[in-house]
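Student: Sharing a structure below in structure tokens format, with a few things to ask.
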Amino acid sequence: MSLNQIFKALSDSTRRKILRLLQKQDLSAGDIAMHFDMSKPSISHHLSVLKQADLVQDLRQGQNIYYSINSTVFQEVLGWFFELMNYEVKYNEKEGKHNLQTGDDKLQGGDGE
């Protein structure tokens, strides 16, 4: 994963909209193109940038290629942000949810609650 490629891909509003569409369901390039007022080669370019950043995956089914979000990369980027902000995610079994714990809490021996 290259953070530079990921941030470059996310810097464009068209690519962010494509990701929002793919968040709902897997789509073919033609299905994606119907949501934009631009040429299919332009959509193909945006999909290529997203693929190079590993933000989307493609799967050929017959004559169509379907695109889907690669959620693993988003999890890795979120982990990087949490690390940058000095946060750690801890699972609280008693509450059945994840909590954020700051580095200060760890230094003080706190439990993040």
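What follows is calculated from the coordinates using simple rules that are stated; it is not laboratory data. Quantities reported herein were computed from a predicted structural model and do not represent experimental measurements. All Cβ positions, glycine included, derive from the backbone under ideal geometry; neighbour counts span all protein chains shown.
Student: Please sort by residue number the GluC sites (Glu not before Pro) in the range 1-98 whose DSSP state is loop and whose Cβ has at most 15 other Cβ atoms within 10 Å.
Tutor: Here the GluC sites (Glu not before Pro) that fit, given the DSSP loop and packing criteria, are GLU93, GLU95.
Student: Treating the angle as unsigned and between 0 and 90°, give the value, to the nearest 10°, between the Cα long axis of helix 71-84 and the longest Cα principal axis of the chain.
Tutor: Long axis of 71-84 versus the principal axis of the chain: about 40 degrees.
Student: Report the net charge of residues surrounding ASN70, where surrounding means a beta-carbon distance below 14 angstrom and charges are Lys +1, Arg +1, Asp -1, Glu -1.
Tutor: Net charge in that neighbourhood comes out at -2.
Student: How many Lys pairs in the chain lie less than 23 angstrom apart by Cα atoms, where the lysines are 8 or more positions apart or on different chains?
Tutor: Lysine pairs meeting the criterion: 12.
Student: I want the local charge near ILE18. Using Cβ-Cβ distances under 15 Å, sum +1 for each Lys or Arg and -1 for each Asp or Glu among the other residues.
Tutor: Cβ neighbours under 15 Å give a net charge of +2.
Student: Contour minus end-to-end for ARG16 and LYS94, with contour as 0.36 nm per residue of separation and end-to-end as the Cα-Cα distance?
Tutor: 24.4 nm
Student: Given the DSSP H assignment, sum -39500 (n - 2.57) over each helix run of at least 4 residues in the chain and divide by its residue total; what's the result at 222 nm in deg cm²/dmol, nearest 500?
Tutor: Mean residue ellipticity, 222 nm, calculated: -15000 deg cm²/dmol.
Student: Once you have the alpha carbon radius of gyration of the chain, what is it after dividing by 2.2 N^0.38 Å, with N set to its residue count?
Tutor: 1.38
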